[in-house]
């Protein structure tokens, strides 16, 4: 189901780009009224936003919580300070 949702999001993004080009060329207002392409563009942007929520495409889902990132950095620093372990291959720099 995520693949179908991702495909719908990709299609919406492509349509957004195409409609944005139309609005850029024709203008937001036509004959004193909002350009129908601009209205469709706003609808597609809302749809794309909803689809990203369904897919959980946001910072927490893709990067993680900032606390987790800080913990990961701390653990990496600690691992570098540990003495060499023969089971973990490391790059040895000749002195």
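The values are calculated or read from the model by the stated rules, or taken from the named source; none is laboratory data. Treat the numbers as computed from the prediction; the structure is a model and nothing was measured. Please note: Cβ atoms are built from the backbone with ideal geometry, for glycine as well, and neighbour counts cover all protein chains shown.
Given (1) in a helix (DSSP H, G or I); (2) at pLDDT below 95; (3) surrounded by 11 or more Cβ atoms within 10 Å (Cβ to Cβ), where does residue 64 come up short, assuming only one miss?
Going through the list (1) in a helix (DSSP H, G or I); (2) at pLDDT below 95; (3) surrounded by 11 or more Cβ atoms within 10 Å (Cβ to Cβ), residue 64 breaks only (1).
In the stretch 11-30, which residue that is in a helix (DSSP H, G or I) and out of contact with any helix residue (DSSP H, G or I) (no Cβ under 8 Å at 6 or more places or on another chain) is farthest from residue 43 (Cα to Cα)? Full working, then the answer.
The initial filter retains those residues of the stretch 11-30 that are in a helix (DSSP H, G or I), namely 11-26.
Checking the rest, the ones that are also out of contact with any helix residue (DSSP H, G or I) (no Cβ under 8 Å at 6 or more places or on another chain) come to 11, 14, 17-18, 21, 24-25.
Working: 11: 14, 14: 14, 17: 13, 18: 14, 21: 16, 24: 17, 25: 19 Å.
Out of the qualifying residues, it is 25.
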